[in-house]
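Have a look at the structure below before the remarks.
The values are calculated or read from the model by the stated rules, or taken from the named source; none is laboratory data. Given the structure is predicted, the values throughout are model-derived calculations rather than measurements. Note that each Cβ is placed from the backbone with ideal geometry, even for glycine, and that neighbours are counted across all protein chains shown. Each accessible area value is taken on the protein alone, full model and side chains, heavy atoms only, with ligands, DNA and RNA left out. Shrake-Rupley method; radii C 1.70, N 1.55, O 1.52, S 1.80 Å.
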Amino acid sequence: MPSPLNTSVLTVGLSYRDLIFTGVDAVPKPGEERYAADLYEMWGGIATMARVCAALGMRTALATAVGVDEASRRLLNDMGTAGIDTSLTAQHAGWRLPVTAAMSLPGDRAMLTVEDPLPVWGVGELREGLNNAYRQLRELLTTFRLQIHDAGLVQELKDTAEEFSRRGEF
């Protein structure tokens, strides 16, 4: 699996499990049942952007929230199979991946979503996240052997970012 330090694109946001009904003539009225021609399952939200970037050949990382539910496990597996780094993804016990059911209608669409409130990070999780970010910054600085000269930290970081961009060919 690629490292976040060796990434062209970092996608950050919420991922969804999308269930898409196609071939629906109209939205059912209360008490009415309608039939769809087909049903597709795919990953939505920021996972869509991660898949597109990876399919275009970009080294991609995904930072999203997942639960311990089956859909979250499948999302992580599918992203890994696509070569997408998920090491920055946070897993939250007791939380599940949001689900959207979408109906593709003639000329429009209709959606219904179930989404639990996002987990609130505790002090321990925040400390762990900051420690990981600090560790990755140290690795990045060590990788490029950043030395701060008279220009100051901001200029040195800009110079390092430009060098990183040239080396990464993006």
Report the net charge of residues surrounding Glu115, where surrounding means a beta-carbon distance below 12 angstrom and charges are Lys +1, Arg +1, Asp -1, Glu -1. +1
Taking the Cβ of Leu75 as the centre, find all other residues whose Cβ is under 13 Å away and add up their charges (Lys, Arg: +1; Asp, Glu: -1). 0
Which value in Å is the Kirkwood Rh of segment 1-115 over different Cα pairs? 15.3 Å
Can you work out the Karplus-derived ³J(HN,Hα) for every residue in segment 108-119? Use 6.51 cos²θ - 1.76 cosθ + 1.60 with θ = phi - 60°, whole Hz, and x for glycine or proline. 6, 8, 9, 9, 9, 10, 10, 8, 6, x, 4, x
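What is the gain in length, in nm to one decimal, between Ala82 and Ala101 on full extension, counting 0.36 nm per residue of separation less the C-alpha to C-alpha distance? Can you show the working numbers first?
On the way: separation 19, 0.36 × 19 = 6.84 nm, distance 2.39 nm.
This chain segment gains 4.5 nm when fully extended.
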Residues with amide H under 5 Å of Leu88's amide H, sequence separation 5 or more or different chain, H placed in the peptide plane at 1.01 Å from N; which? Leu62
Go through segment 51-58 residue by residue and turn each phi into a ³J(HN,Hα) via Karplus (6.51, -1.76, 1.60, θ = phi - 60°); whole Hz please, and just put x for glycine and proline. 4, 5, 4, 5, 5, 7, x, 7
Tell me, what is the percent relative contact order of segment 1-94, built from C-alpha pairs under 8 Å that lie six or more residues apart? 35 percent
One finds, for Leu14 and Leu157 with R0 = 45 angstrom and r their Cβ-Cβ distance, a FRET efficiency to the nearest 0.05 of 0.95
So what are the ³J(HN,Hα) numbers for segment 20-28, from phi and the Karplus equation (6.51, -1.76, 1.60; θ = phi - 60°), rounded to whole Hz, Gly and Pro as x? 10, 8, 10, x, 9, 6, 7, 5, x
Sites matching GluC sites (Glu not before Pro) across segment 1-90 that sit in DSSP coil, with at most 15 neighbouring C-beta atoms within 10 Å: Glu32, Glu33
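Can you put Ser15, Ser165 in order of accessible area, largest first, using a 1.4 Å probe? Intermediate values should be presented prior to the final figure.
Details: Ser15 0, Ser165 35 Å².
Output order, biggest surface exposure first: Ser165, Ser15.
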